[in-house]
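J.: What follows is a single structure, and I will ask about it in a moment.
The values are calculated or read from the model by the stated rules, or taken from the named source; none is laboratory data. Quick caveat: nothing in here was measured; it's all calculated off a predicted structure. Reconstructed Cβ throughout: ideal geometry from the backbone, glycine too, with neighbour counts over all protein chains shown. Side chains are part of the model used for accessible areas, which takes the heavy atoms of the whole protein and leaves out ligands, DNA and RNA. Shrake-Rupley method; radii C 1.70, N 1.55, O 1.52, S 1.80 Å.
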Amino acid sequence: QVQLVESGGGLVQPGGSPRLSCAASGSIFGIYAMGWYRQAPGKERELVASITSRSGSAKYADSVKGRFTISRDTAKNTVYLQLNSLKPEDTAVYYCNANQLYNNYWGQGTQVTVSS
């Protein structure tokens, strides 16, 4: 089992730049990619960004390209999502995700609310 614990959400003003963290623990061997998803009220969960464990190759949703940055610290088993230039439409619960060959794990989610 893999445990994922997110942190860093909260109430942010438009244009703000919080950083989300996701710490992985447990049977983390074999995780080949991690990602951040988000789910806004009344909408489906969507992939925001992902990063591969070995090469650090990152992918982004078109809606966040140029504003969000995903990164990883392999020594700390932690993945980060830097959110910049936040807009009200970025308001959502952000979930961390980890992929192994036969398993897919989710964190509990962290709320990000963009409002003045």
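J.: Is there any pair with a first residue in the stretch 96-113 that is open to solvent by 80 Å² or more (accessible area, probe 1.4 Å) and a second that is modelled with pLDDT of 95 or more and of a type in the set (Phe, Trp, Tyr) whose Cβ atoms are under 9 Å apart and which are 6 or more apart or on different chains, and what are they?
T.: From residues that are open to solvent by 80 Å² or more (accessible area, probe 1.4 Å), the pairs are 106/37; 106/95; 108/95; 111/94.
J.: Mind listing whichever residues of the stretch 30-52 are open to solvent by 40 Å² or more (accessible area, probe 1.4 Å), at negative phi and not charged (D, E, K, R)?
T.: 32, 37, 39, 41, 47, 52
J.: Quickly run through the stretch 9-19 and pick out the residues that are open to solvent by 40 Å² or more (accessible area, probe 1.4 Å) and not basic (Lys, Arg).
T.: Scanning the stretch 9-19 gives 11, 13, 14, 15, 17.
J.: Sticking with this one: Restricted to the stretch 77-92, and to residues that are without any contact (Cβ under 8 Å) to a residue 60 or more places away in the chain and part of a strand (DSSP E or B), which residue is nearest to residue 42 (Cα to Cα)?
T.: That would be 92.
J.: Failed condition for residue 82, given (1) surrounded by fewer than 19 Cβ atoms within 10 Å (Cβ to Cβ); (2) under 21 Å from residue 3 (Cβ atoms), with all others met?
T.: So residue 82 meets the others, but not (2).
J.: Something else about it: If residue 22 satisfies every condition in (1) closer than 17 Å to residue 2 by Cα; (2) open to solvent by 20 Å² or more (accessible area, probe 1.4 Å); (3) of a type outside the set (Phe, Trp, Tyr) but one, which is the exception?
T.: Residue 22 satisfies every listed condition except (2).
J.: Would you tally the residues in the stretch 54-77 being among the β-branched types (Val, Ile, Thr), touching a strand residue (DSSP E or B) at 6+ places or on another chain (Cβ under 8 Å) and surrounded by fewer than 18 Cβ atoms within 10 Å (Cβ to Cβ)?
T.: The total comes to 1.
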